[in-house]
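Read-outs throughout are calculated quantities, based only on the coordinates presented, and are distinct from any laboratory measurement. Just so we're clear, the structure is a prediction, and the values are computed from it rather than from any experiment. FYI the Cβ positions are ideal-geometry reconstructions off the backbone, even for glycines, and counts take in every protein chain you see.
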Amino acid sequence: MGSHTRNVLTVKSIAASKSKKLRDGGGLWLVTKGQGRYWILDYRYGGKRREMGIGPLHTISLAEARQKAEAARMLLRQGVDPTEHRTVETIEAARVAASVKTFGQYADAYVDAAVKAGRWRGAKTEARWRNMLTNHAAAIRDTPVAAIGVTEVLSILRPLWGEKQETAEKLREVTERVLDAARVEGLRAGENPAAWKGNLEHVLHKPDALTRTTHHAAMPHAAVAPFMKKLAAVDGIGARALEFTVLTACRSGEARGATWDEIDLDSALWVIPAARMKSGKEHRVPLSDKVVAILTDMRAKRLNDIVFPGIRDKKPLSDMSLAKALKSAGGGDFTVHGFRSTFRDWATEIAQAPREIAEAALSHAVGDAVERSYARSDALERRRALMANWAKYCAKTSLEKNNA
């Protein structure tokens, strides 16, 4: 056979031969190394002899080896070194493979990075993000982050939308931020499918429309006094914590997490540290006589450092404890958080308090220069008078006028 003869070998001849080197022609050889037999292509490039591995016999058949050898010869005819070409292809394939992260992988890495950078104030934020991305986004976690579209986003939002609206809105926001970060890192392109404006707003109803009817439903301020009378008759720490929450117009978590070292009964003042505030800033809460009476009673029953302790040792009450007390007192159609809106409406409509004072009482960020000056001083004494009037309004009898 001439030196250019190819396809010399057969499957049978390979199986029958014990030779350490078998020639198929055209530079393709089957060689024995150790206990294995491997295909190699022997060729010349740039005047030098080179050798390229094609793979082991047990995974690369004779026919496949010939195909790979012919592809390499085609590159040689184009003036390309097949070994170098394959290296570039391998590196590119590895880079592409590394970039094909699933949504779950990228989301977990995003949270890990945020925690490491100290981006969030407390463990609760991290836990909320991980719960959202692990449980509520479970359906898209195995989808490549680059392949997430509106269909995938809607698949995780629609089961919650209108049922657990706050969770649904948070999930949309979290998903949008993760996908934004992935785009910045070059892992996806195009518009963000989780964006609300100009995108999901066209297929899902506006959150605000639902919020007004189902989210944080607020009790009308005229109904608060009768409700508070019923609440006073409900036994349990949950009921006392709810009274405290309503009368201080604070958030449920701020009340449930209150510790005795934050409270000065002599000065009738509760100082919530920045770490426990949504705003990230310390908040001073003036305490009315009724609130001081509640706290004095709680102090007489003190079990640990927590003002309103839960059933488990050294753990605060659960949010459900306050919701249960709310329901027991006949306020089941409303939410605990809604009492902040109730207070705000009362402050404007009945107390006619200046906006900056009412907003400061709720620890809300305020806008213009005048309001910011109040925020700096926090107008404690003016807020003390406002909270005292609120406590009187909450305790008024049905015979009293509504101009408390």
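Could you work out the relative contact order of the chain, using alpha carbon pairs under 8 angstrom and six or more residues apart, expressed as a whole percent?
11 percent
Per-residue counts of other Cβ atoms within 10 Å, averaged by peptide: what ranking do you get for 222-231, 321-330, highest first?
Top to bottom by mean Cβ count within 10 Å: 321-330, 222-231.
With +1 on each Lys and Arg Cβ and -1 on each Asp and Glu Cβ, and nothing else charged, work out how big the dipole of the chain is about its Cα centre, in Debye to the nearest 20.
For the chain, the charge dipole is close to 1820 debye.
Provide the gained length on full extension for the span residue 185 to residue 18, in nm with one decimal, where the gain is 0.36 nm per separating residue minus the Cα-Cα distance.
Full extension of this stretch gives 54.7 nm more.
How high is the relative contact order of segment 103-214? Use alpha-carbon pairs under 8 Å, at least six apart in sequence, and give a whole percent.
Across segment 103-214, relative contact order equals 26 percent.
Nearest 5 percent is fine: what portion of the DSSP beta bridges confined to the chain is antiparallel?
100 percent
Can you flag which of 170/290; 20/101; 116/281; 164/396; 164/314; 327/392 are past 32 Å Cα-Cα?
Correct reply: 170/290; 20/101; 164/396.
Taking residue 324 as the anchor, which aspartates and glutamates have their alpha carbon closer than 15 Å to its alpha carbon, excluding any fewer than eight residues away along the same chain?
235, 243, 333
Please order 337, 205 by the number of other Cβ within 10 Å, starting at the fewest.
Ranked by crowding around the Cβ, least crowded first: 205, 337.
Specify the residue with the greatest mean-square fluctuation among 164, 197, 21, computed from a Gaussian network of the chain linking alpha-carbon atoms under 10 Å apart.
Highest fluctuation among the options: 21.
Can you give the extra length, in nm with one decimal, that the chain gains between residue 202 and residue 32 once fully stretched, where that is 0.36 nm per residue apart less the Cα-Cα distance?
Contour length minus the Cα-Cα distance gives 54.6 nm.
Normalised by the residues of segment 299-340, what does the relative contact order come to in percent, with Cα pairs under 8 Å and at least six apart?
20 percent
Under 14 Å from a point 7 Å along the Cα-to-Cβ line of residue 166: which residues of segment 302-318 have their amide N that close?
Flagged as within label range: 318.
Please find, in a Gaussian network model of the chain (springs between Cα atoms separated by less than 10 Å), the residue of 254, 185, 70 whose mean-square fluctuation is greatest.
Per the Cα network of the chain with a 10 Å cutoff, 70 tops the list.
Once a ≥ b ≥ c are taken as the square roots of the eigenvalues of the Cα gyration tensor of segment 264-342, is the result rounded (a/c under 1.5), prolate (a/b larger than b/c) or oblate (a/b not larger than b/c)?
Because its axes are fairly even, with a/c under 1.5, segment 264-342 counts as rounded.
Taking amide H positions as placed in the peptide plane 1.01 Å from N, state which residues far from residue 259 in sequence (5 or more) or on other chains have amide H under 5 Å from it.
Correct list: 307.
Hey, what number do you get for the chain at 222 nm if only DSSP H runs of n ≥ 4 count, each worth -39500 (n - 2.57), divided across all residues, to the nearest 500?
-14500 deg cm²/dmol
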